[in-house]
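Values in this text are rule-based calculations from the coordinates and carry no lab data. The shown structure was predicted, so the numbers you read here are calculated from the model rather than taken from an experiment. Reconstructed Cβ throughout: ideal geometry from the backbone, glycine too, with neighbour counts over all protein chains shown.
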Amino acid sequence: MQRKNFSLPLFTLALTLAIPLCIQAGEAPSKFVVLSTTTSTQDSGLLDVLVPLFEKKTGYKVKTISVGTGQALALAAKGEADVALVHAPSLEKKYVADGKLLNRRLVMYNDFIIIGPASDPAKIKSTKSSVEGLTLISKSQERFVSRGDNSGTHNLEKSLWKQAGIEPKGSWYVESGQGMGATLGIANDRNGYTITDRATYLAFQKRLTLAVLLEGDKPLLNIYSVMEVNPANGPRINTPGGKAFADFMVSSDAQAMIKTYGVEKFGQPLFVPIAGKREEEIGG
Amino acid sequence: MAEALLNLQDIRVRYGDLTALQFSSLAVHGGEILAIIGPNGAGKSTMLRLMGLLQQPSEGKVFFRGNLVAHGEGLSIRRRMASVFQEPLLLNASVYENAALGLKLRGLDRRSVDQRIRPWLERLRIAHLADRRARSLSGGEAQRTSLARAMALDPELLLLDEPFSSLDPPAREDLLVDLETILRKSTVTTVFVTHDRDEAFMLADRVAVLIDGRILQLGAAAEVFARPINEEVARFVGVDTKIPGVVEKVRVGLTEVTFNGGNAAVVGDLRPGERVILCLRPEDITLSIPGREDLKSSVRNRLAGKVVKIIPWGSHYRVALECGGTRLIAFILRPSLLESGIQEGGDVVASFKATAVHVIRRN
Amino acid sequence: MGLIFDGIREAFRLILTADSEVLGITWLSLQISGTATLLSLILGMPLGIGVALGRFPGRNFIVSLINTGMGLPPVVVGLFVTIFLWRSGPLGFLELLYTPAAMIIAQIVIALPIVAGLTMAAFQTLNPNLSLQLLGIGASRLQLLWLLCREAKLPLLAAVMAGFGGVISEVGASMMVGGNIRGQTRVLTTATVLETGKGNFEIAIALGSILLLITFAVNLILTHIQQREQLRWPKPS
């Protein structure tokens, strides 16, 4: 008992720690807009420049939840988010048709590329068609690394196999079950082919020996759209906030930022803004 | 009747289906030293916890200085008592801090704490250990610290639960002597629990014999040890010789009891034909070789027999003998044994006074 | 190898230049995990003490619950806390999902059984009769509790260390209930995952190093207290 009592300093420390958190939690809830989006959007770093601009303009606070495409859409359909920004057109259309998501508007696209060993043993450089490229890989039984995680990228890959009439199976077909970055690492180690979005490829480029072998084909375009959440999906949906964010994404300010984003870091833009266009007009 | 310091009324303590303690009344008088003795598992520690307000009885009432102690208001009264347990339960701190603990819990300032502790550290001969960590103490030193902690509180009631039983013999002897001196000087009302009759005999004014949760006998220490009321108590307080017999004749002042292998004159209010047990304490039996007994003495009873076994027993010898089918235990001092020529297998005469026999009725 | 050195150099650069984002993330990690640990102590210690010293029906059930809870996978905790905090969930009206408060809740669920379990173990090492003895020299209930805590100080410190270490280094639950939102719920672990995913290995290594440094420092301080106590109070020879 003559010893120093350390409970008081501990208690003070607790208060110091907790006060700022309480203040934050005490803010009016309607100020928050929950954006459900895909990991690739977040990983590209684009939202890190767009979100602060939106917050400054509107006074809203954005909570960006970046998860897999399937989960991002499911969260919005459950009413756990206020607005969705994803890149899976066929899935999106299904949700819009069901009335779960509203007012689908195109925002931008980036593109996928097929990369592989610079020596290109499957000779896919000989074609411009992505479907044909995959057919060549399967015929040559050269290793192909798939994400296998039901992500947007994986879904694109599956639809290409389907168009090629091939069910990819065998020791040459490896499923990583991980994100794009990890999948690139595996493809690089195993000296295999893979499909990746350009942004992630550029980010990892320094560490990869794989080369871009096929690009520019229309099915490889990755179109992002923004959708508002139907207020009927659940309780406490911030409908005006969601609409404000969707409107912002197609506004000229945001579109201008998208147009130049990435030039500084990679020497080329990562995205192409397409607000106001129709799907048929894109690519080629 | 003088008001008791502590009074327990109509007490019953149950643990599940088991009744650990049950008695109608027990009073602790101010200034006395009361020993509660009994075998292990008799309920002695439960009794002490009740007295210390550390446990609620299942039924019954506890009065402190005539006032009923209500449930939940124990603290103020608990602070007028102090407990010492079998193990010296000290905190991981110095001897001084441990001794000071009770006073600090009562919010005394450092100066008064010091004034009250120092004399007790001296009296218990641990002043030189004041700065030692409690963990580094021997058993005896630790128990002395525990006693100092209790005594420094100047309690109205001191409760000691087997305070010597975890100590080795030399430490136990030393502490017993010191504690006896302290208790005689201090006049603090003390209740102590022990299964050791010597401790009780040495320290106590009154003794309560607790067996199987019931108080079988309560009285002055000398009375209880000399005159146990029944066989169970007799066995516990150390009557080794118990002879079953029948009352033969009753004359004025003297009664004759026959038993297997002889008869004896005893004193007591008995009727012929009553079945009794004669209790003899070993120190009350005198041994001699046949033909050499002191015939002039007033001893009424003489039994002839054979020595079965002689065992060294502290300062004297414990002699087992058989007199016509009846077994007796006697003590004899070491020099007397050598002088008298008593030996194993030899003939012997056991003599005892009629007044030395304590008679218990058999049912 | 170069990567690791680059990472460590980056870590030093970020710390020395007081990079505001990294500092923010670090501070938030400390705030969230510190608060969660503290609340776990406030809730878990009485629980552990109660279970260790008390005898009441259902006690064994609670002990099993605590022991199971000590090994709860954080991801499972994250999942259930998320479901409860969803707008459509039972606690949706609190609007806590994707806030530091939600992370604190999840971390409490993780740390509470650890703290309660180790507190229980700490008190069970004390002599059961010590309570009686302390009451027997006039301790009030509160004084008793304080003295017992003081006796069990060293193992209690271990409970603090284990609790804090468990939550500050946890990623699964923080990711799920916090959402790894920049400037709001991004902590060292989730930021490390994110930067790894983005391919920014230097920053990921830097963040990881800062996390290691924090856990190391906290454990160093607590171990120091523990060892000092032991040195000062030698065991009997």
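A few comments on the model shown:
- Compactness ratio for segment A:170-212: Cα radius of gyration over 2.2 N^0.38 Å (N = residue count) comes to 1.08.
- Square roots of five times the Cα gyration tensor eigenvalues for segment C:157-228, Å: 26, 14, 8
- For chain C, the longest principal axis of the C-alpha atoms and the axis of helix C:20-53 are separated by about 20°.
- Percent of Cα-Cα distances greater than 16 Å, calculated over segment A:209-284: 66 percent
- Alpha carbon convex hull of segment B:228-299, projected area averaged over orientations, nm²: 5.8 nm²
- Cα-based Lys proximity count in chain B, under 22 Å, for pairs eight or more positions apart or on separate chains: 7
- DSSP-defined beta bridges in the protein assembly as shown - what % are antiparallel, rounded to 5: 75 percent
- Per residue convex hull volume, Cα atoms of segment B:161-218, in Å³: 87 Å³
- Amide proton proximity set for A:Glu175, modelled H, under 5 Å, gap of 5+: A:Ser146
- All-pairs Cα distance distribution in segment A:188-234, expressed in whole percent, bin size 10 Å: 19, 39, 19, 15, 9
- Averaging the Cα positions of each part gives two centres, and for segment B:154-194 and segment A:62-117 these lie 83 Å apart.
- Maximal additional length on extending the B:Asn40-B:Lys306 stretch stands at 92.2 nm, based on 0.36 nm per residue less the C-alpha distance.
- For segment A:89-159, a/c is not less than 1.5, where a ≥ b ≥ c are the root eigenvalues of the C-alpha gyration tensor, and a/b tops b/c. That puts it in the prolate class.
- When GluC sites (Glu not before Pro) are flagged only if DSSP places them in a loop and at most 13 other Cβ atoms lie within 10 Å, the longest unflagged stretch of chain B comes out as B:74-343.
- Percent of alpha-carbon pairs separated by more than 54 Å within the protein assembly as shown: 44 percent
- For chain C, the Kirkwood hydrodynamic radius comes to 19.6 Å, computed from all pairs of different C-alpha atoms.
- Note on segment A:129-284: Cα-only Rg and Dmax are 18.3, 54 Å.
- Modelled spin labels at C:Asn129 and B:Asp131, positioned 7 Å past Cα toward Cβ, are 3.2 nm from each other.
- Other protein chain C-beta atoms within 10 Å of residue C-beta, averaged over C:178-187: 5.
- Inter-centroid distance (Cα atoms) of segment A:132-183 relative to segment B:47-101, Å: 78 Å
- Ratio of the Cα radius of gyration of segment A:84-202 to 2.2 N^0.38 Å, where N counts its residues: 1.13
- Reference-scaled alpha-carbon Rg (2.2 N^0.38 Å with N residues) for segment C:44-149: 1.37
- In terms of its C-alpha gyration tensor, segment B:16-89 has a rounded overall shape, because the principal axis ratio a/c (a ≥ b ≥ c, square roots of the eigenvalues) stays below 1.5.
- Just so you know, the averaged projected area of the alpha carbon convex hull for segment B:82-151 sits at 4.1 nm².
- Here the Debye sum runs over all C-alpha atoms of segment C:102-181 as equal scatterers in vacuum, and log10 of I(q)/I(0) at q = 0.17, 0.26 Å⁻¹ comes out as -0.71, -1.12.
- Based on the Kirkwood approach, the hydrodynamic radius assigned to chain B is 23.1 Å, with every pair of different Cα atoms included.
- Tilt relative to chain B, helix B:169-186 - C-alpha long axis, 0 to 90 degrees, to 10: 70 degrees
- A simple spin-label model places pseudo-atoms 7 Å from Cα toward Cβ; at A:Ser252 and B:Tyr15 they are separated by 8.9 nm.
- Under a Gaussian network description of chain C, with springs only between Cα atoms under 10 Å, the residue in C:Asn127, C:Asn200, C:Asn67 that fluctuates furthest is C:Asn127.
- Working note: 222 nm ellipticity from helices only, DSSP H runs with n ≥ 4, each -39,500 (n - 2.57), summed and divided by the residues of chain B, gives -7500 deg cm²/dmol to the nearest 500.
- Principal axis dimensions, segment B:230-363 - Cα atoms, whole angstrom, descending: 42, 34, 22
- Overall size of chain A from C-alpha positions, given as principal axis extents largest first: 77, 56, 36 Å.
- Sparse packing (at most 12 other Cβ atoms within 10 Å of the Cβ) combined with a DSSP loop state is found for the following trypsin sites (Lys or Arg not before Pro) in segment B:282-361: B:Arg292, B:Lys296.
- Only helical runs count toward this figure. For chain A, summing -39,500 (n - 2.57) over DSSP H runs of n ≥ 4 and dividing by all residues gives -12500 deg cm²/dmol at 222 nm.
- Descending Cα extents along the principal axes, segment A:156-241, whole Å: 49, 35, 26
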